[in-house]
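Read the structure below first, then the notes.
The values are calculated or read from the model by the stated rules, or taken from the named source; none is laboratory data. Please read all numbers here as calculations on a predicted model, not as lab measurements. Positions of Cβ are backbone-derived with ideal geometry, glycine not excepted, and every protein chain shown enters the neighbour counts.
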Amino acid sequence: MDAVTIRRILREGLNIRKGVIALRQFKEEPSGYDAYRDKNHICYMMGEVLDEGKTFYTVLEDHVCLLGCSATGLDPSLSMMNDSQRLESERYHVSAINIFPSEALQQKAELEAQTLFPSFREVFKAILMGPLGSVPQPDVLVILANAEQVHRLTRAYCYATGSVIKGFAGMGACRMLLPRAFIHKEPTFTVSDRAWRKALKLLPHELTLVTPPDKLITMLQNLEESHE
């Protein structure tokens with residue numbers, strides 16, 4: 001099932017109007033694609049994909065958010081950031097954007113995340129992102145949809161495989177979503193977080209579903225039969 005068919009079924013079968021974001025990990029900076037060459041949060045980078053149709057790759061130095069690095073494999077253990085960079089990032093998330101009221105609570109949340117979400121065992125140099133169809137052989141797809149649409153997709157997957165899809169809430173959406181899809185190759189969903197919702201311009205009733213492409217194809221192939 002190619003990108004054109006996937007987009008058509010999402011649009012005509014489920015009335016999903018927002019674009020699908022594709023992500024792929026690279027061990028080296030990929031040739032033939034634009035580098036991001038700025039500093040931002042991964043969710044706002046994805047927002048540029050949605051709003052402007054951009055395709056680009058991003059490296060560790062482009063990120064101002066610890067979560068975006070650990071969620072994509074750019075810095076699995078945050079080990080590549082020195083103490084000064086890590087402290088600067090933690091202070092930014094507490095003082096500037098109020099993700100947590102204190103650095104101690106941010107560190108507590110990180111420890112809990114380490115027990116909930118898988119960790120990468122290897123470091124990737126770059127993440128290529130763009131609209132579905134612009135990224136060859138993507139590792140994961142990001143789908144923005146309302147609760148009924150996400151229900152239809154996840155229901156179809158469980159119907160076909162007997163596997164339950166897990167969802168998470170409460171901290172950075174990228175950390176809750178991406179590692180499970182990249183590492184375990186399984187779909188997951190979330191109500192998202194404040195920054196993610198703002199960056200991707202989610203409406204009050206919209207959720208985020210992240211899935212490897214083959215799992216999405218399973219959902220789409222069983223969409224109608226599972227709904228009868």
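Points worth noting:
- Inside the range 187-228, residues that are part of a helix (DSSP H, G or I), touching a residue at least 40 places away in the same chain (Cβ under 8 Å) and among the acidic types (Asp, Glu) make up a count of 1.
- Condition check for ALA71 on (1) aliphatic (A, V, I, L, M); (2) at pLDDT 75 or above; (3) not in a helix (DSSP H, G or I): one failure, at (3).
- In the range 38-68, the residues that are farther than 21 Å from SER134 by Cβ, part of a loop (DSSP other than H, G, I, E, B) and either free of Cβ contacts under 8 Å to residues at least 24 places away in the same chain or among the charged types (D, E, K, R) (or both): LYS39
- Unique match (being surrounded by 12 or more Cβ atoms within 10 Å (Cβ to Cβ), within 22 Å of GLU122 (Cα to Cα), small (Gly, Ala, Ser) and in contact (Cβ under 8 Å) with a residue 12 or more places away in the chain) among ALA35, ALA3: ALA35
- A single member of GLN137, GLN149 is within 23 Å of TYR57 (Cα to Cα) and touching a residue at least 24 places away in the same chain (Cβ under 8 Å), and it is GLN137.
- Within the range 101-175, strands (runs of 3 or more DSSP E) holding 1 or more residues that are polar (S, T, N, Q): 140-146
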